[in-house]
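Since the structure comes first, as structure tokens, the remarks are kept for the end.
The values are calculated or read from the model by the stated rules, or taken from the named source; none is laboratory data. All values reported here derive from a predicted model rather than from experimental measurement. Ideal geometry is used to build each Cβ from the backbone, glycine not excepted, and the neighbour counts take in all protein chains shown. Accessible surface areas use protein heavy atoms only, side chains included; no ligands, DNA or RNA. Shrake-Rupley method; radii C 1.70, N 1.55, O 1.52, S 1.80 Å.
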Amino acid sequence: MKTLKKLLYKVAINAVSGSTERLISGVTADSRNCGEGSLFVAIKGGLIDGHQFIDQVIEKGVVAVLCQHLPETLMEGITYIQTENTRAALSRLASNWFDNPSSSVKVVGITGTNGKTSVATLLYETVRLMGYDAGLVSTIKICYGDQVFNATHTTPDPLVVQHHLAQMHDRGCSFCFMEVSSHGIDQERHLGIDFQGAVFTNLSHDHLDYHKTFAAYRDVKKRLFDQLEPRSFALANADDKNGRYMLQNSKASMHFYGLKTISEFKAQVVENQATGMLVRIEDKELYTPLHGAFNASNLLAVYAVCALLGFDKDEVTVAMSQLKPVEGRFNVVMGTDKVLAIVDFAHTPDALKNVYEAIAQLRTKNERLITVLGCGGDRDQTKRPEMGKIAAEQSDVVLFTSDNPRNEDPLRIIDHMNEGVSIDLKRKVLVQPDRLEALKMAVTLAQPNDILLVAGKGHEKYQEIGGQRFDFDDLKTVKELLNA
């Protein structure tokens with residue numbers, strides 16, 4: 001139980017009707033979860049407006065309502081608080097409800113189009129390998145101590161985030177590494193988190209179905225760095241043309257890392273092998289089972305964050321040498337007939353290019369490259385032709401199939417992918433909307449020493465078709481087919 005007055009700390013308030021000294025038993029923005037003595041936050045969403053449930057939740061015992069528009073009739077005995085932005089207010093309330101756990105746990109946020117999951121996960125593992133307790137909030141999972149929870153959103157609901165941060169604090173975690181998505185920033189889910197630092201990995205074509213323009217997408221990401229405090233650090237990838245733009249106007253100390261550009265933190269790939277690569281970071285070398293320049297950049301970001309957090313650089317390098325590939329990110333499987341398969345989450349044009357560049361370092365050109373690729377339904381359609389074009393240009397054979405078609409016709413999605421394929425490359429393309437059958441076809445087509453890329457779903461253990469989820473694991477399926 002907390003007083004309403006305490007919960008409203010740092011919440012921008014326009015008007016109040018009723019007492020703020022009353023005790024609150026819980027905070028929720030979901031009318032189904034309201035109970036006796038709780039505070040209801042009315043949020044206007046894309047499909048549902050929480051304001052329409054105010055009378056209903058009061059009948060359930062709600063004693064306080066936070067809203068953007070006050071009801072015409074104010075019920076006696078109920079406290080109403082009006083604010084400009086209930087999403088932002090909910091994030092502040094959530095932090096206050098859980099006693100501001102990020103003031104004790106050092107939280108580092110990672111944003112960008114690609115690399116968020118890898119950098120966050122590799123940071124979490126590196127710090128743990130050095131003997132420190134840490135937490136992780138990622139696209140794949142939320143974890144701390146021996147607790148592991150499946151993630152439903154890249155950046156969860158503020159109450160969920162703050163709950164887990166409080167649990168991390170209670171379990172003695174000193175650090176938390178957290179993916180921060182553009183959706184999460186736009187919907188103010190990150191407010192109320194006292195970030196020790198933030199990282200920008202890169203920016204490329206994605207989520208334009210939501211943000212509408214690339215400039216809007218970029219500027220939403222930038223808000224994370226604009227809102228950092230002077231005591232925080234801001235770290236950006238200097239190799240990305242948007243890196244310096246992201247840090248403009250940030251009050252935090254500014255730092256850059258890069259493989260190609262002069263920057264504070266530098267690295268280079270010394271040698272590529274089928275089993276991994278040798279990377280030089282500053283004056284230190286480490287061998288890693290990770291592949292590709294994009295992963296070398298991710299490792300450099302990890303090294304830079306650890307240095308900015310004050311860890312000994314030699315200890316960091318030793319810990320990083322023990323890192324394993326992140327689930328669904330360039331996972332390599334060798335079949336009994338010497339077919340090399342790679343499963344990767346690449347679901348944007350830039351990510352797909354990066355994977356092909358990494359594969360190029362492993363090729364002798366005496367083998368064929370076969371790609372299985374799909375694009376998600378009910379999402380950004382403009383990237384589909386570009387991804388189809390890239391796959392057809394880089395592969396000897398490409399099978400267009402389903403990813404998560406959701407409520408779209410899989411063949412319509414495949415038609416969009418085909419639009420990007422030039423006439424002279426159409427002969428390379430096969431169409432099989434059933435993903436399992438497409439994987440079977442690819443494995444059947446593959447000959448010894450060929451390379452098979454399965455892109456798009458990576459770590460996901462499901463396929464979403466017609467609004468239903470079905471068990472489907474690319475990595476598990478590929479292993480079974482290659483070793484059948």
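Data table
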{"read-out": "Long-range HN-HN contacts of THR83 with modeled amide H, under 5 Å", "value": "ASN14, CYS67, GLN68"}
{"read-out": "Gyration tensor verdict on the range 59-183 (Cα atoms; rounded if a/c is under 1.5, prolate if a/b is larger than b/c, oblate otherwise)", "value": "prolate"}
{"read-out": "Relative contact order [Cα under 8 Å, 6+ residues apart], the chain, whole percent", "value": "10 percent"}
{"read-out": "Helix axis angle, 293-308 relative to the chain longest principal axis, alpha carbon, degrees", "value": "40 degrees"}
{"read-out": "Other-chain or far-sequence residues with amide H under 5 Å of VAL27's (modelled H)", "value": "LEU39"}
{"read-out": "Amide H contacts of LYS44 (H built 1.01 Å from N, under 5 Å, at least 5 apart or other chain)", "value": "GLY50"}
{"read-out": "Using a Förster distance of 56 Å, the FRET efficiency for ASP283-THR444 (Cβ separation, nearest 0.05)", "value": "0.70"}
{"read-out": "Shape call, the range 322-461: gyration tensor on alpha carbons, a/c limit 1.5", "value": "prolate"}
{"read-out": "Cα-based helix-to-principal-axis angle, 86-97 vs the chain, degrees rounded to 10", "value": "80 degrees"}
{"read-out": "Solvent-accessible area per residue for the range 87-201 (1.4 angstrom probe, square angstrom)", "value": "30 Å²"}
{"read-out": "J(HN,Hα) series, the range 155-162, from Karplus relation 6.51 cos²θ - 1.76 cosθ + 1.60, nearest Hz, glycine and proline x", "value": "10, x, 3, x, 5, 5, 4, 5"}
{"read-out": "Shape call, the range 1-122: gyration tensor on alpha carbons, a/c limit 1.5", "value": "prolate"}
{"read-out": "Lys pairs, the range 151-270 - Cα-Cα below 15 angstrom, 8 or more residues apart or on other chains", "value": "5"}
{"read-out": "(1) 98, 64, 41; (2) 79, 52, 39; (3) 74, 56, 42, with the label sought being that of the calculated Cα extents along the principal axes in Å", "value": "(2)"}
{"read-out": "Residue (of ALA293, LEU278, ALA307) at the positive-pole extreme of the range 278-329, dipole from beta-carbon charges", "value": "ALA293"}
{"read-out": "Protection-proxy order for peptides 458-465, 85-92, each taking the mean of Cβ atoms within 10 Å per residue, highest first", "value": "85-92, 458-465"}
{"read-out": "Fraction of antiparallel bridges per DSSP, the range 215-331 only, in percent to nearest 5", "value": "60 percent"}
{"read-out": "Antiparallel DSSP beta bridges within the chain, as percent of all bridges there, nearest 5", "value": "40 percent"}
{"read-out": "Rounded percent of accessible protein surface that carbon and sulfur make up, the range 184-276, 1.4 Å probe", "value": "50 percent"}
{"read-out": "Rounded to 10°, Cα long-axis angle of helix 214-226 versus longest principal axis of the chain", "value": "60 degrees"}
{"read-out": "Beta bridges per DSSP with both ends in the range 304-452, % antiparallel, nearest 5", "value": "25 percent"}
{"read-out": "Accessible-area composition of the range 27-77, carbon plus sulfur, in percent [1.4 Å probe]", "value": "48 percent"}
